[in-house]
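Heads up: the structure comes next, in structure tokens.
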There are 10 protein chains.
Amino acid sequence: MTRLELTEKIVSTKISKGLTWKGLAAGIGPGSEIVYTAALLGQMVLTPGEAAKAGALLDLTEDEAKLLTFPPMRGAGVTMPPTDPLIYRFYELLQNYGTTWKALIEEEFGDGIMSAIDFSMTIEREPDPKGDRVKIGMSGKFLPFKRY
Amino acid sequence: MTRLELTEKIVSTKISKGLTWKGLAAGIGPGSEIVYTAALLGQMVLTPGEAAKAGALLDLTEDEAKLLTFPPMRGAGVTMPPTDPLIYRFYELLQNYGTTWKALIEEEFGDGIMSAIDFSMTIEREPDPKGDRVKIGMSGKFLPFKRY
Amino acid sequence: MTRLELTEKIVSTKISKGLTWKGLAAGIGPGSEIVYTAALLGQMVLTPGEAAKAGALLDLTEDEAKLLTFPPMRGAGVTMPPTDPLIYRFYELLQNYGTTWKALIEEEFGDGIMSAIDFSMTIEREPDPKGDRVKIGMSGKFLPFKRY
Amino acid sequence: MTRLELTEKIVSTKISKGLTWKGLAAGIGPGSEIVYTAALLGQMVLTPGEAAKAGALLDLTEDEAKLLTFPPMRGAGVTMPPTDPLIYRFYELLQNYGTTWKALIEEEFGDGIMSAIDFSMTIEREPDPKGDRVKIGMSGKFLPFKRY
Amino acid sequence: MTRLELTEKIVSTKISKGLTWKGLAAGIGPGSEIVYTAALLGQMVLTPGEAAKAGALLDLTEDEAKLLTFPPMRGAGVTMPPTDPLIYRFYELLQNYGTTWKALIEEEFGDGIMSAIDFSMTIEREPDPKGDRVKIGMSGKFLPFKRY
Amino acid sequence: MTRLELTEKIVSTKISKGLTWKGLAAGIGPGSEIVYTAALLGQMVLTPGEAAKAGALLDLTEDEAKLLTFPPMRGAGVTMPPTDPLIYRFYELLQNYGTTWKALIEEEFGDGIMSAIDFSMTIEREPDPKGDRVKIGMSGKFLPFKRY
Amino acid sequence: MTRLELTEKIVSTKISKGLTWKGLAAGIGPGSEIVYTAALLGQMVLTPGEAAKAGALLDLTEDEAKLLTFPPMRGAGVTMPPTDPLIYRFYELLQNYGTTWKALIEEEFGDGIMSAIDFSMTIEREPDPKGDRVKIGMSGKFLPFKRY
Amino acid sequence: MTRLELTEKIVSTKISKGLTWKGLAAGIGPGSEIVYTAALLGQMVLTPGEAAKAGALLDLTEDEAKLLTFPPMRGAGVTMPPTDPLIYRFYELLQNYGTTWKALIEEEFGDGIMSAIDFSMTIEREPDPKGDRVKIGMSGKFLPFKRY
Amino acid sequence: MTRLELTEKIVSTKISKGLTWKGLAAGIGPGSEIVYTAALLGQMVLTPGEAAKAGALLDLTEDEAKLLTFPPMRGAGVTMPPTDPLIYRFYELLQNYGTTWKALIEEEFGDGIMSAIDFSMTIEREPDPKGDRVKIGMSGKFLPFKRY
Amino acid sequence: MTRLELTEKIVSTKISKGLTWKGLAAGIGPGSEIVYTAALLGQMVLTPGEAAKAGALLDLTEDEAKLLTFPPMRGAGVTMPPTDPLIYRFYELLQNYGTTWKALIEEEFGDGIMSAIDFSMTIEREPDPKGDRVKIGMSGKFLPFKRY
């Protein structure tokens, strides 16, 4: 079984058993629901303990649960540019604001990047009388280009 | 003069006169430095009053300043996938977390998207003893798919 | 079963049972036949009640019907540019008139977009002695770019 | 002077002289502002009389005005997929609803297409207390595939 | 069974039973062998009567024969640019003569197109002592761009 | 001066002097207007004598006329897939009928191709009460794959 | 069974039975091992007699052997640009020398091409004390562009 | 002056002065006309002595001649897949025979490649009563994959 | 069984049996773990003796083990640009430093390349108090472009 | 002046003045010649002091020298896949060994990446009687994926 097939099985089982991503995350461990969901969708790893719990919740075999502990081929099975409107909006932000982010981060921090590895994020509901908003917080370590 | 040529002129003048994006933003108005920088980089509009101030700071002709008040062809001149490491990291986040964002936002809000139009954001320095971090905040209105 | 496989099954069953999209839509609920057809083709969601009716009409299992209530990966399985002449003509309109639509909508409404989410549409036959015409009506909320 | 260069000149002159697309259209003739704007943006033709009027309004040389009467290389200079959010939303509609349009038009009319050549359209403001809407009407002749 | 799978089955059965495209066409009806072959290759439709005959000749099930009467997703399964030399030569003609065809058709007919829908064609052997030639005849209705 | 620049100059001069492709062809020689137009559009060669006549008609310098006698980089400056509707329709024919052409030509002639080099064509107006038609004739030598 | 599946079966069987391409070619007929190998790899045809011998050597069914006598969709299943270093080197030669080949062939032969259909080739080992070399010979008929 | 601009100048001057590639090669040195033509077309280097002679023949400045001695960005300005029929035929050979070349070279030499660097080639006219042929000879060192 | 399917089986079996790449390499032979891992991942060959040991460790059939001794279609199944962050970083290095590597290698060695075939490499852990580092060593034979 | 234009000027001046990359690096500072060459080729930054020295060596204006101190749009003007053989070989290594590097680095270090930012490298000549070799050393900090 490949990781892509495992992801398909997880998505099917979740729907069939009436589970939610948040519920699954709560059952897997105390970590971020973003990390756990990403792992179940084939983009992050779980620890062996977390994988065992995920396996129990999702009726996985031992081998399938073990597969969740190996670094996946990240980005596999993802279409770019995104065809789904929800995902595309982030692509659009990047397309329209990317040069601005580069300009302002470099002006503030110097020549370097925001790490996408030493990185964490949150997604929250921001109540608003004119319609609730999606509030996203990102925090990535600034890495200066090494001079040598 | 096209908008792309105007952006090139603005970037050149900024360097030549020793200006900063933050300094330019402060001179243009009380709005977000992200909006103002994006406008100067050819991705957003300025009001006539803001454009006049930008024109004065950047030695633009009247026609050039006026051009800043027209909606640009957003995304023009931007390479995708990004070749620059700073911009690419956001593309990578999208590639690795896009399906996760979709899963969690839909579970919390229902079928819809986070607007990239009714949207605002901030970029800040987050001090950290192990190395300062780039802290990004995004807020976009949730828009449910219309049923009819 | 993935959503793409479910769409294939729905299309097969519809042909095999001699059903029509309009007939299916009428059997699913009072909503738009465009929304219902799009849902059956893997691009929109149904409510649980609608999904149950669709399932009955199309001999779906309970899990398959439930799958219709989850937001799909929109655009999955769609080729761009379209190879089919009927779909391509819309792509051609976009290619030839896109800049015109942008110019006229921005002149009338200001800097913003027509929402594709808070959006509805109709398709009708327009009788014409020189040959009937396809009449399409679209209505999308104008969303101004947020200034902040 | 190529047609692309002429389009750039027209856009510059329009801004410099403070003209609008609707105003230009009204000055060119009684036809649709969509057709006239598209012609000025390099996608449609004008008649010699219309071109002369457009030339007068936009300070074009005689050769430049004449160029407006020749069929352009349609679609030239247009990026696909669109990078501009306003134009992209139409691309998204096509990506998400294209198969639905095909299904419903074929069910109603038989095997054929909606012509993008024998085609007309309108763009209007649709007042709405929750926010005005963009109302688009399209009418294209149905063309059945010839059997022979 | 999808249309692509049906096409594969038809091609296999034709080889296995030692049939020819021309023979199949003659057995299906009095229409053009181009239309019939295209339908069997998944690009055109048959009438119910024609489909029944095709089904009998090719050992198709009733559902498979019915599938031949539905408009296919034209162009599906076709690689562009073509990798096969025979098909590529037409692509090359288009690449080398496309602008010429546009120039001459527009000069003769005005601003418009040759329809690919109200269209018929023939393929014949043209005997020639220096080597026989493939003779192709095409006839498509000229459609002028609508002015409105 | 490159060939692309020469083509742009020829197109400009033709419009400015009010010439037609057919008129130019008639002035260049007794050959096909398709060959001559293609040469002026940068896709075919002229003989020195033809080039001299073309140069006289189009106010070319001696070097520019000489350039018309050299094999061009065919296909240079042509966008694929075509964005122009007139040219696109041929692409669509190829996409929808390519496998059919292959099937029927191979069945008639054996394993080989229709040459796009030892090739000639005609474009004519075919009067029709329901609307005149574009009539295209192509003749290409059949080349069998060499067995060795 | 499609041709691609047949190619996979042939490759598997060849390895399993310990056969070589040269040995297979010698068993199929007196023709070139290049033609025979290409046919077994899905790019050329065999005569019925050759196909029967190939079928016997490779344990093919009668239908599978017959499939080898039909012109394949050439180029199917081939990745371009090539990812395999051996194949890529030819692509690199084309990229680096293509314009040179065009310049020299046209200077010697006039406006035309080297046929890839009326074409034969050889591959040999060229012993060399500094390391043996691959020696390739190609011979293609020169085809002049037809003037008409 | 970039190398691409230099190539354009060389091609222009060659035509203007009525030179040939073979004549230029003979004037540059005793080496292969393929190497010299490739160098003048921006794909290979000349020695300082050769560059001086090329400069004299083509009216180059000293800096331009010096530029010919630096390794160029090979492949720059070359379109792939080739749009020119003469160059495309080599691409087609690669697409149709690439896997065959790989199979036969590996069977003869083992796991490795034919070098495109330690490589030489010839192009000759092969007289033939049925039409002269282009005869190409290639010789590349076999390089085995290093085991370590 | 194709090589891609064999690679999938090997990866699955390795996880299921709790093996490591280094452990597998040690069991296969005294060669580089990079070569052995690449072979197991479908990119290099093993000798018959090595393949037999690999087969024993990974429960392969005799045919599967034999398949490991044949040169694979290198690069098959690899996505470019890489979507996985670990692999992408090398792509980024190439994008940002490629022209620099070319400039410095050519300045030092002359016109030629570093072979990727007569090539070896090492990957090691480089302890560092600020965080361990990945240390990579590459050694490729310099191949000068042949002059002839 | 854009950065791409500055890079072109630097390359021209270097050739015209007979400078070398190593010589330029030695004149700019004590840092790595790789960093300095990359900066002059538009991919890295110089400090103001270094830029002043580079400006003096290369006859740059003050504004041009200042431009060298700003982070460039890295990767701009670089073609991927590389068309130049020297650069392509690195792309090939990535294509053939990328999955191996991922497998071995993850096995040794855990889930994370080798940084391309906190990264240094060397290029050296490795004398070898069978032909000198290019020796490359890379050292990048290992960054583990953050768990949160």
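Here are some notes:
- Any chance E:Ile15 is in contact (Cβ under 8 Å) with a residue 24 or more places away in the chain, under 20 Å from F:Lys102 (Cβ atoms) and either in a helix (DSSP H, G or I) or aliphatic (A, V, I, L, M) (or both): no
- Any chance G:Gly49 is of a type outside the set (D, E, K, R) and either more than 16 Å from the chain's Cα centre (by Cα) or outside the structural domain of G:Lys9 (by TED's automatic domain parsing) (or both): yes
- Within the stretch F:78-97, the set of residues being more than 11 Å from chain H (Cβ to nearest Cβ) and assigned to a loop (DSSP other than H, G, I, E, B) comprises F:Pro81, F:Pro82, F:Thr83, F:Asp84.
- Qualifying residues in the stretch G:43-65 (those that are under 20 Å from E:Asp84 (Cβ atoms) and at the interface with another protein chain (Cβ under 8 Å from one of its Cβ atoms)) - the one surrounded by the most Cβ atoms within 10 Å (Cβ to Cβ): G:Gln43
- In the stretch C:93-117, the residues that are closer than 14 Å to D:Thr79 by Cα reach residues that are among the acidic types (Asp, Glu) with C-beta atoms within less than 7 angstrom, at least six apart or across chains, in these pairs: C:Lys102/D:Asp84.
- For the residues I:Gly31, I:Gly27, the requirement of being surrounded by fewer than 18 Cβ atoms within 10 Å (Cβ to Cβ) and within 14 Å of the chain's Cα centre (by Cα) singles out I:Gly31.
- Some residue of the stretch E:54-67 being within 29 Å of F:Gly110 (Cβ to Cβ) and among the basic types (Lys, Arg): no
- All positions within the stretch F:66-77 that are surrounded by fewer than 20 Cβ atoms within 10 Å (Cβ to Cβ) and either at the interface with chain H (Cβ under 8 Å from one of its Cβ atoms) or among the hydrophobic types (A, V, I, L, M, F, W, C) (or both): F:Lys66, F:Phe70, F:Ala76
- Restricting the stretch J:98-109 to residues that are under 11 Å from J:Phe142 (Cα atoms) and of a type in the set (A, V, I, L, M, F, W, C), the residue that is surrounded by the fewest Cβ atoms within 10 Å (Cβ to Cβ): J:Phe109
- Inspection of the stretch H:124-131 finds a residue satisfying the criterion of being over 23 Å from the mean Cα position of the chain (by Cα) and among the acidic types (Asp, Glu).
- Qualifying positions in the stretch H:98-143 - assigned to a helix (DSSP H, G or I), touching a Gly at 6+ places or on another chain (Cβ under 9 Å) and hydroxyl-bearing (Ser, Thr, Tyr): H:Thr99
- Condition met for H:Thr69 (in contact with a Pro (Cβ under 6 Å, 6 or more places away or on another chain), at pLDDT 95 or above and either not in a helix (DSSP H, G or I) or not assigned by TED's automatic domain parsing to the domain that holds H:Ser120 (or both)): yes
- Here I:Gly27, I:Gly23, I:Gly42 are screened, and the one residue that is within 29 Å of I:Met138 (Cβ to Cβ), touching a helix residue (DSSP H, G or I) at 6+ places or on another chain (Cβ under 7 Å) and outside any loop (DSSP other than H, G, I, E, B) is I:Gly27.
- Hey, F:Leu60 at pLDDT 95 or above, in the same structural domain as F:Thr13 (by TED's automatic domain parsing) and over 22 Å from G:Gly112 (Cβ atoms) or not: yes
- Checked against the criterion of being closer than 20 Å to I:Arg3 by Cα, of a type outside the set (Val, Ile, Thr) and within 11 Å of chain H (Cβ to nearest Cβ), the stretch G:25-35 contains not a single residue that satisfies it.
- Tally of residues being over 16 Å from H:Met138 (Cβ atoms) and within 7 Å of chain H (Cβ to nearest Cβ) across the stretch G:139-148: 2
- Scanning the stretch A:110-138 for residues that are surrounded by fewer than 21 Cβ atoms within 10 Å (Cβ to Cβ), in contact with a Phe, Trp or Tyr (Cβ under 6 Å, 6 or more places away or on another chain) and facing chain B (nearest Cβ under 7 Å) turns up just one, A:Asp132.
The values are calculated or read from the model by the stated rules, or taken from the named source; none is laboratory data. Every value quoted in this text rests on a predicted model; they were computed, and no experiment measured them. When we count neighbours, we look across all protein chains shown, and the Cβ atoms used for this are built from the backbone with ideal geometry, even at glycine.
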